Every structure is written in structure tokens, then in C-alpha cells.
Amino acid sequence: MPIIKTSEDRALRLGTGAFAVFVVLLVAGIGVVLTQQSVLSIRKFGLAFWTRSTWNPVSGEFGALPFIWGTLYSSLIALLIAAPIALGIAIFINEISPLKLRQPLSYLTELLAAIPSIVYGLWGIFVLVPIVRKLELLAPEWLKKVPLFTGPPLGVGMLSAGVILAVMVVPLTSSVAREILRGVPMTQREAALALGATRWEAIRIALGYGRTGIIGAVMLGLGRALGETMAVTMVIGNNPQVSTSLFAPQYTMAAVIANEFTEAADELYLHALIEIGLVLFLITIVVNALSRILTRRVVRA
Amino acid sequence: MKKTVITFAVLAFLACGKSETPVTATNATSSSSSALTINGAGATFPNPIYSKWFSDYGKLHPHVGINYQPIGSGGGIRQLTAKTVFFGATDGPMSDEQLKAAPGPIVHLPTVLGGVVPIYNVPGITAPLHFTGETLANIYLGTIKKWNDPGIAKGNPGVKLPDSDIAVVHRSDGSGTTYIFVDFLSKVSPAFKTRVGVATSVSWPVGVGAKGNEGVSGLVKQTPGAIGYVELIYASHNNIPFGAVQNKSGKFVTASLDSVTAAAANAAIPDDFRVSITNADGDAAYPIASFTWILLYENNDDHARAQAMVELMKWALTAGQKQIGELGYAPLPQAVVDKEMAALGRIH
């Protein structure tokens, strides 16, 4: 218990405390409302909702598996592409780039983060998808037998979704990673250089010093990828199927809610859509918790 | 101390949750003294003509202000049932269960007609292709996989169809356009009816989903071998060529304002106006056509607003019908208008 000196301090403590409590209540409230509003679907399908892969509004059969799969798969692809690029940008701007270039470069990456996702989606449809289709057409027959590359070359599908998500995640991850690197004391690098380390070795030491924050930056990017809606729905092909193929059209949780919510007049259908929202909410919490645990472990190691 | 803060916040939160209970239609509209504001919500397909109607009508009758939110047919039905809006609008008629769930009897009022057309991108083909209903159903079921399938070739003698795969494109968002399209396919193909069925969103056996008419047409344009379906208005405004579809009398008909109106003219219109006019009788009828409806309660607490809506509907069905062609909607046949005029007497 901190020592309370004056009435001012007391007010400060109460005021800020109330805000903190408010955040907790907000999160709990979202969970409660999502559960309440999806009760019909929860009652009808139970836990099987997570593992069923039928999504049929006509017959009232609903399952979330293809959407969960699509969300996790596309986010994973985005992360694999974005993390190295974002780190590279952060390292270049902070450690290597000439001073003159630093400001404009960081300004440009941050500009990318300010572009609305629908604009990314349009860019995806008109620029990215045709390029991806051409690449898919180039795939030789033997490659198309690998489960990762089966299916017709449509352009829209998991690959396009992963790439567009990566583009959207890069600015966020790189700007946080840059801040982290900037926070690493200069003495760390100087000490390394003084011991005869190369530039790369000095950077590695700086990265090691800031690894907690850097993992946090990547996880922030993952958070954005999990919830991203508009741009993804425009390029992923919106076909609820579980497929390992990068070429296959698939679906995500956020996209199905955005697509079908307005026309869902049937009660069970609506509740199933809201349960998808609940599943997304829970998965986001789990991913965040996992990233916390991961970060802690890295720090201890 | 801490406890009180938490209790207070919990109470505040619960209070917020409670405010979700439906507001009555009277309260939902602003109650400024002279002006009459009427709120409506629903289908996006008729939004361009509704915006024009409501703004033109507002100029003629400055005391009436209509505020229409194009949030989708499903949302319109939900909000009307909850009485958060005074009128709703939908592209597919309400089901019996939905009507039963509503707090009072609801009248369906057809306003304009729309059509859905097949669009495609087959390299080397410039002439408009002819599709039978069954062919379209089989393409969307995935049983016809190639453009040179005998099913397609039969309707297009003399056209050299390529041996390429068909890439099926459908709407990913719930939509009245999908409803009309699958309603037609279900009527002409029993297999489609059992496997897919009729709704604003369905479980498609094949293909990729794209958002909105623009998404579907964009994807079709880019993908060699693709087929999709869009609203007639969207296709004609954007000069997208589309195929002809075989009607019930066996004629291949290209969609146009006349052929869409012809579909409605030949249909038997029931008293509640809840009728599907896909696959209609008549040589000139285009088979993938539909009404779009405005939904009103028969008995309203607010008689002034009900009266204003009745007047507005009368205007829309007479003077209003004359301006819809320029926006690409097909006008209602006179018989339907007459029947609606009589039905408007039930609303008060």
C-alpha cells in the first residue's frame, strides 16, 4: 500500500484506479455480452461448435473450425513474412542508416500504418491478387503435388491474405521494434565494439538486450493480424474450408462476421455469428497470454 | 473505499447493458414540433432509388423527413421487429416464423423490381452466352467443371467454347442478390434445392466468395474462366456484358427493364405480396427477377407518421415509378400498383 500524503494524491489514486477497474469491467463485459447473445448457438452445438466444419445458414448447421483455422493460418503466414522484414527495417533505421535518412524512413513506415484497411483491400484485389495468380500459374506440376500448393490458380486465397496481412503488420511491428532498439543503452553497443565486436555482433547484443520488447512487438503484430477484417475478406476467397494449401480460398472469423451479420435475420444464425465473435475474443486472449508467458521465459533464460 | 468504486462501476455497466431494450418507434424518432422524421432501415439494393424518392418527396413535402439506413435486409427486419425503426425494407420476403415473431401484423409493399444476371470471362468469347437454369445450377453445384461441357454447349450452338476450367465466383456477404439467384436455381434444379437451398447466405459447394457486386465483377474480370452473378443495375451501369438465361417457356431472354417487368406482370400476386417471381411464366419474362419490399406495421401507435408513410407510398407508386428507369430499376406492373393502393388502406 503506497503512502498517501495529501488529498490530491488520494484523488489521483482513486481516479486512476477507477479507470483501471473500468478496463477490467469492459473486458469482462464484452465476454458476458458475447456469451449472452450467443446462448442459442452455445446450447445447440456446445463445445462441438469449435470442431464442426459445416457452415450452412439454410439448414441451421454451424461450426467454427474453418474460420478458426483460416484466422490462425493467415496470421501465422503474415507473422513469418512480416517479422524478419519489420526487424530488418528497425535495425537499419536505428543502427545502420545515415542520420539524414532516419527521419524520412521512419516517417514512411509509420505512414503505412495510417492507411485504412479497405485501401489495402482494394490494392489487394487490383494489384496483389493478379500478381499472386501469375506466380501460381508458374508453379510447376511437381510443386502442385505438395499439400501447400494444391488447387487451381485463382489468385484469391490464403497466400494473398497472408501477404496483405504481412504488409499491414510490418509498420506496427517495425515501429515498436525501433522504439525498443532506441531504448537499448548506447553503452551496450559501445562496450561490444570496444571489445572488438563487428557491427553485426554489436547489433546482436542490442537485440538480445531488447528481446522481450521485440517479441512483444511481434505479438502486437499478431494481434492486429488476428482481428483484421476488411482487407482479408477482399482477398482470401471467403470459402469456409480447412485446407493446408496456400492457393485455396479460405475464410477468417472476423471476415465471416463482417460479411454475414447484416443479413442474418434468423435467431440461431445470429447467435452462431456472435459465438464466432466470442471464439475470436477467447483466442485473442489466449494468444496474448501465451505471448506473455513466452516473453517471461525468454527474459529468464 | 475500493469496494464502493467497484460496486458503482458494476452498476453503471449493468445500466448500460439494460438500455438495449427496444425503444418504441415513437421515441426513436426525433420529436421536433413541426417536422415529422421517419426512420427506416433495410435492404441496400433499392437504396439509390429510395434516397432519390425520399429526398424528392422531402422537397415536395418539407414537413416530412425520411431517414433511411441501408444496413441490409436482415438488419432491417430485425430493427422493424424490435420497433427501433418505423419501417423496414427487404429484398427477400419475411418468413412465416419472422412474421410470427413480430409484435404486430406487417404489410409487404413491393416498390421496384430488380434482376440478377450471369457475368463471365471466357477468353475468346465475345458473343453473349446462353445459359439454361439447369446449367447455371450445375455450374454452381460444381458438377459442370469445364466451359466446353455439353450442358453449356447445347445452349450455344456455333460458339467455340474452350476446354478450360470454370472458376465459380459468388457473393461472400449476405445479400438479396444471392437470395434471388439461388431462389431461381432451386426452382429449376431439385439437386440445387436439396444441396444448397434458398437464403441470403448459403453454403456454396464450390467457388470463391467476393464482397458486393463490385467484388464479384472485379474478380470475374480478372480471372480467365470465371463466372459470377451481379445485379442487373450494376452490370448495365458499368457496361459489363452478361449472358441470356432460359425462361420457363424455353426462350433465352436477356435481362432488361422490360423483361424484368414482364416477369412480374405474369405472376399471380397473393394478397400479402410475399411472392417469388423467379422462373415466371411468359415468353418475354426474364427468369431471375424479384420485387423489393418496404415493410410497415398495419397498426401503428403513431398515426401521424403512419399517415405520412401511406402518402409517401402512394406517391412512390405513381409519380415515383416514373423516375426509376433512369436509375436502372424496372417499374411495377399496373396491376400490382392497383393492388397495393388498396392494401395501403389497411395501414393506420
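The values are calculated or read from the model by the stated rules, or taken from the named source; none is laboratory data. Source: prediction; values computed, not measured. As a convention, Cβ positions derive from the backbone with ideal geometry for all residues, glycine included, and neighbour counts pool all protein chains shown. Accessible surface areas use protein heavy atoms only, side chains included; no ligands, DNA or RNA. Shrake-Rupley method; radii C 1.70, N 1.55, O 1.52, S 1.80 Å.
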Exercise. Among B:PRO118, B:GLY218, B:ILE166, pick out the residue whose Cα is farthest towards the positive end of the charge dipole of segment B:115-264, where Lys and Arg carry +1 and Asp and Glu carry -1 on C-beta, about the Cα centre.
Key: B:ILE166
Quiz item: Just counting partner chain Cβ atoms within 10 Å, what average do the residues of peptide B:213-219 show around their Cβ?
Solution: 3
Quiz item: Could you name the aspartates and glutamates in cross-link range of B:LYS146, using Cα to Cα under 19 Å and dropping any fewer than eight places away on the same chain?
Solution: B:GLU134, B:ASP163, B:ASP165
Self-check item: Per-residue ³J(HN,Hα) for segment B:41-54, Karplus 6.51 cos²θ - 1.76 cosθ + 1.60, θ = phi - 60°, Hz, x for Gly and Pro
Solution: 7, x, 3, 8, 4, x, 4, x, 6, 5, 4, 5, 4, 5
Quiz item: Hey, got the dipole for segment B:50-176? About the Cα centre, +1 on K and R Cβ, -1 on D and E Cβ, debye to the nearest 20?
Solution: 220
Self-check item: Positive dipole terminus of chain A, leading residue within A:ALA83, A:VAL32, A:ILE96 (C-beta point charges)
Solution: A:ILE96
Exercise. Multiply the residue separation of B:GLU97 and B:SER249 by 0.36 nm, subtract the distance between their alpha-carbon atoms, and state the gained length in nm to one decimal.
Key: 51.4 nm
Quiz item: Ranked highest first by average number of other Cβ atoms within 10 Å, how do B:130-140, B:233-243, A:23-33 line up?
Solution: B:130-140, B:233-243, A:23-33
Quiz item: Considering the zone a paramagnetic label at B:ASN148 would reach in this model (a point 7 Å from Cα along the Cα-to-Cβ line), which residues of segment B:118-136 have amide N under 15 Å from it?
Solution: B:123-125
Quiz item: Rounded to the nearest 0.05, what FRET efficiency do A:THR198 and A:VAL127 have when you use their Cβ-Cβ distance and R0 = 30 Å?
Solution: 0.15
Exercise. Pop out the ³J(HN,Hα) list for segment A:67-80 in order, Karplus 6.51 cos²θ - 1.76 cosθ + 1.60 with θ = phi - 60°, rounded to Hz; leave Gly and Pro as x.
Key: 6, 4, 4, x, 5, 5, 5, 5, 5, 5, 4, 4, 5, 5
Exercise. Sticking to Cα atoms, compute the Rg of chain A to one decimal and its Dmax as the biggest Cα-Cα distance, whole number, in Å.
Key: 22.9, 77
Quiz item: Viscosity 1.002 mPa s, temperature 20 °C: Stokes-Einstein D of segment B:54-110 from its Kirkwood Cα radius, in µm² per second?
Solution: 171
Quiz item: Which whole-number value in Å³ per residue fits the convex hull of the alpha carbons of segment A:65-195?
Solution: 169
Practice problem: Could you work out the mean projected area of the convex hull around the alpha carbons of segment A:192-301, in square nanometres to one decimal? | Solution: 10.0
Quiz prompt | Pairwise burial B:A, computed as accessible area of each alone minus the pair, summed, 1.4 Å, Å² | solution = 2800
Practice problem: Indicate the residues belonging to segment A:110-137 that lose 50 Å² or more of solvent-accessible heavy-atom surface (probe 1.4 Å) upon moving from the chain alone to the assembly of all protein chains, ignoring ligands and nucleic acids. | Solution: A:ARG133
Self-check item: Burial ranking of peptide ranges B:169-175, A:199-205, B:304-310, A:74-80 (average Cβ count within 10 Å, highest at the top)
Solution: B:169-175, A:74-80, B:304-310, A:199-205
Exercise. Collect residues whose amide H, placed 1.01 Å from N in the peptide plane, falls under 5 Å from the amide H of B:VAL112; neighbours closer than 5 in sequence don't count.
Key: B:THR292
Quiz item: Under a point-charge model restricted to the Cβ atoms of Lys and Arg (+1) and Asp and Glu (-1), what is the dipole moment magnitude of segment A:18-300 relative to its Cα centre, in debye to the nearest 20?
Solution: 1020
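Subtracting the Cα-Cα distance from 0.36 nm times the residue separation, let me have the gained length for A:ARG102 to A:LYS134 in nm, one decimal.
8.0 nm
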Self-check item: Debye intensity ratio I(q)/I(0), log10, segment B:157-203, q values 0.14, 0.18, 0.22, 0.29 Å⁻¹ (C-alpha model)
Solution: -0.46, -0.65, -0.78, -1.00
Practice problem: Within 10 Å of each Cβ in peptide A:252-260, how many partner chain Cβ atoms are there on average? Round it to a whole number, please. | Solution: 3
Exercise. Quick one: dipole size for the protein assembly as shown, taken about the Cα centre, charges +1 on Lys/Arg Cβ and -1 on Asp/Glu Cβ, in debye to the nearest 20.
Key: 2320
Exercise. Run the numbers on segment A:18-300 and let me know its relative contact order in percent, using alpha-carbon pairs under 8 Å that are six or more apart.
Key: 30
Quiz item: Between the DSSP loop rule and a limit of at most 13 other Cβ atoms within 10 Å, which trypsin sites (Lys or Arg not before Pro) in segment A:1-42 are left?
Solution: A:LYS5
Self-check item: Cα shape, segment A:1-88, gyration tensor, a/c 1.5 rule
Solution: oblate
Quiz item: Quick one: of the DSSP bridges fully inside the protein assembly as shown, what percent are antiparallel, nearest 5?
Solution: 60
Quiz prompt | Difference of contour (0.36 nm per residue) and Cα-Cα distance, A:GLU267 to A:TRP142 | solution = 40.2 nm
Quiz item: In Å, the Kirkwood hydrodynamic radius of chain B over pairs of distinct alpha carbons?
Solution: 21.6
Quiz item: Rg(Cα) of the protein assembly as shown divided by 2.2 N^0.38 Å?
Solution: 1.11
Exercise. Identify, among B:PHE86, B:GLY104, B:GLY74, the residue whose Cα sits farthest towards the positive end of the charge dipole of segment B:27-142, taking +1 on the Cβ of Lys and Arg and -1 on the Cβ of Asp and Glu, with the dipole about the Cα centre.
Key: B:PHE86
Quiz item: Among the GluC sites (Glu not before Pro) within segment B:241-337, which fall in a DSSP loop and have no more than 16 other Cβ atoms within 10 Å of their own Cβ?
Solution: B:GLU298
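Could you tell me whether segment B:115-264 comes out rounded, prolate or oblate from its Cα gyration tensor? Rule is a ≥ b ≥ c as square roots of the eigenvalues, rounded for a/c under 1.5, then prolate if a/b exceeds b/c, otherwise oblate. Mind showing how you got there, number by number?
Details: a/c = 1.13, a/b = 1.10, b/c = 1.03.
Rounded.
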Quiz item: Percent of accessible area on the protein assembly as shown owned by carbon and sulfur, 1.4 Å probe?
Solution: 64
Quiz item: For segment A:51-105, what is the per residue volume of the convex hull drawn over the alpha-carbon atoms, in cubic angstrom?
Solution: 89
Self-check item: q = 0.15, 0.18, 0.23 Å⁻¹, segment B:191-260: log10 I(q)/I(0) [Debye, one scatterer per Cα]
Solution: -0.65, -0.93, -1.22
Quiz prompt | Accessible area per residue in Å² at 1.4 Å probe, computed on the protein assembly as shown | solution = 45
Exercise. Would you mind calculating the relative contact order of chain B from Cα pairs under 8 angstrom and at least 6 residues apart, reporting the percent as a whole number?
Key: 21
Quiz item: Roughly how many nanometres apart are two label points built 7 Å out from the Cα toward the Cβ at B:ASP56 and A:LEU14?
Solution: 6.2
